[in-house]
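These notes are about the structure you will find just below.
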Amino acid sequence: MEKKKIHYGWYIVIGCLLITCTMVPPIMALSNKFLIQVTVELGLSRSGFTLANTILQGLGIFISPMVSSRLAKGDMRKIQCISIIGFALSYASYSLAQNAIHLYISSVFIGVFWLNSALIPVSMMITNWFAKKRGLAMSIAMAGIGVGGTIFSPIVTMLLEKYGWRHTYQIMALIVLVIALPAAFFILRKRPEDMGLKPYGSDEADTKTADKSSDKKESDLSLEVQQCWPKFFFWLMLIGMLCNGLINSGSLGQFPPAIEEMHGPAIQAAIISIYSMVGIFGKIVLGWLNDRFGVVVSTVCGCVAFAVSFIFMLMGSNVTMLYIMAVLFGLGDAIGTVTPPLVTAAVFGTKKYGQAYGIANSFTQVGLTCGSLMVAAIYDGTGAYTSAWILLFILTIVTLVGWIGSYALSRKYVEK
């Protein structure tokens, strides 16, 4: 019997995982591990340092549509490879900073190159290569974020203690260059047609053997996206997206310095590794819940776990509470990357998904831009994180209500 050949789409998933593993954690989960050393040496406030990452994230609000259009029409491999090189050089330039302005200038370049090389091209390639099991493929690719956080958190901690923040930025930039660039050049391809292939599951044979959960389609809205702006369900969804960005950026950005301040860098590294590792499985679990029970159940489970983690963070002076927090946070953290596209697809269906998700992602990006800065400003103003964790708990509940309410109210506009 002839051995069945592995579809090249799964190699695309591996390549995308290498991209998310190396390029996303330095911008999200690990960015503020540098906070204390940099602020002490350069004499910056915590909000002043956090503004550098805010600038980086904020670029996505304005140029994401242009980046998506350029990647869709142009040579994605060429654009991505050049952008990875630019990202590595720009990230290394953080090490040369003598004041806050230098950090902010570097952040502008990092933001442009990051958008062209990381999550946007990854999501586009997974979508192009998978007609079936797209959710599983996307979950595995996005799980690279947790893999990278788990691996690089102790590495960055060790490098900071041994070599200082300047050399650590340079070493991390070199790691990105050595791993991500070969993955983009040798493995990743924009679409299966470029290799004379079809998307995974597009053949009738694959369709017949697919799981019933994979075949389930969400109903399409009868309304055009532009007709939805006056509708309450649309604004509920966008409010949920905005709050989701705030809670993810606020927590991922400020948990590291908060934990280090309470228990030191070793405990901080352990906690980050735990919630990053649990987050790998959390993404897969959330995707399974969505396929098995629907978007309402998966959203409730993710948001509740995420919200309760802030309660345990309030009790963080007890290290045991922090370990419980890490598990809950890891299970719920999938709402930041997996849930938004699932909610958008559930509300709008497949026909209008692209346009609707572009708008939804802009609101998420606003939240990601402001979240960590908001929490840092609360700390600078009060001298503690207590008020910030309470606020993030409330915003998580708002996220849940917004998404579930939007889905429920949108059902009356579904095509019959």
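The table below lists the values:
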{"read-out": "Wholly within region 311-408, helices (runs of 4 or more DSSP H) carrying at least 3 residues that are at pLDDT 90 or above", "value": "319-332, 353-382"}
{"read-out": "Within region 158-198, tally of residues that are open to solvent by less than 30 Å² (accessible area, probe 1.4 Å) and outside any helix (DSSP H, G or I)", "value": "3"}
{"read-out": "Any hit, region 276-298, residues being open to solvent by 40 Å² or more (accessible area, probe 1.4 Å), within 25 Å of Thr39 (Cα to Cα) and either in contact with a Pro (Cβ under 8 Å, 6 or more places away or on another chain) or acidic (Asp, Glu) (or both)", "value": "no"}
{"read-out": "Where a residue in region 271-288 is in contact (Cβ under 8 Å) with a residue 12 or more places away in the chain and its partner, wherever it lies, is open to solvent by less than 30 Å² (accessible area, probe 1.4 Å) and among the aromatic types (Phe, Trp, Tyr), with Cβ under 6 Å and at least six apart", "value": "Tyr275/Phe329"}
{"read-out": "Filter pass, Met124 being surrounded by fewer than 22 Cβ atoms within 10 Å (Cβ to Cβ) and under 15 Å from the mean Cα position of the chain (by Cα)", "value": "yes"}
{"read-out": "Search result, residues across region 29-49 that are assigned to a loop (DSSP other than H, G, I, E, B) and either at positive phi or of a type in the set (Lys, Arg) (or both)", "value": "Gly43"}
{"read-out": "Residue identified as buried (at least 24 other Cβ atoms within 10 Å of the Cβ), modelled with pLDDT under 90 and assigned to a helix (DSSP H, G or I) among Gly302, Gly253, Gly240, Gly245", "value": "Gly253"}
{"read-out": "Complete set of residues in region 1-28 that are touching a residue at least 24 places away in the same chain (Cβ under 8 Å), open to solvent by 10 Å² or more (accessible area, probe 1.4 Å) and outside any helix (DSSP H, G or I)", "value": "His7, Tyr8, Met28"}
{"read-out": "Conditions (1) buried (at least 24 other Cβ atoms within 10 Å of the Cβ); (2) at pLDDT 85 or above; number of the one not met by Ile267", "value": "(1)"}
{"read-out": "Among (1) farther than 15 Å from Thr396 by Cα; (2) surrounded by fewer than 20 Cβ atoms within 10 Å (Cβ to Cβ), the one test that Val308 misses", "value": "(1)"}
{"read-out": "Qualifying positions in region 78-115 - under 17 Å from Met125 (Cβ atoms) and surrounded by 17 or more Cβ atoms within 10 Å (Cβ to Cβ)", "value": "Ile79, Gln80, Cys81, Ser83, Ile84, Trp114, Leu115"}
{"read-out": "Number of the exception - Ile335 against (1) in contact with a Gly (Cβ under 8 Å, 6 or more places away or on another chain); (2) open to solvent by 60 Å² or more (accessible area, probe 1.4 Å); (3) not small (Gly, Ala, Ser)", "value": "(2)"}
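Rundown of residues vs (1) of a type in the set (Gly, Ala, Ser); (2) modelled with pLDDT of 95 or more; (3) under 29 Å from Ser45 (Cβ atoms), yes/no style:
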| residue | (1), (2), (3) |
| --- | --- |
| Leu71 | no, no, no |
| Ile82 | no, yes, no |
| Leu96 | no, yes, yes |
| Val108 | no, yes, yes |
| Gly111 | yes, no, yes |
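The values are calculated or read from the model by the stated rules, or taken from the named source; none is laboratory data. All values reported here derive from a predicted model rather than from experimental measurement. All Cβ positions, even for glycine, are placed from backbone atoms using ideal geometry, and neighbour counts span all protein chains on display. Keep in mind that these areas ignore ligands, DNA and RNA; they rest on the heavy atoms of the full protein, side chains included. Shrake-Rupley method; radii C 1.70, N 1.55, O 1.52, S 1.80 Å.
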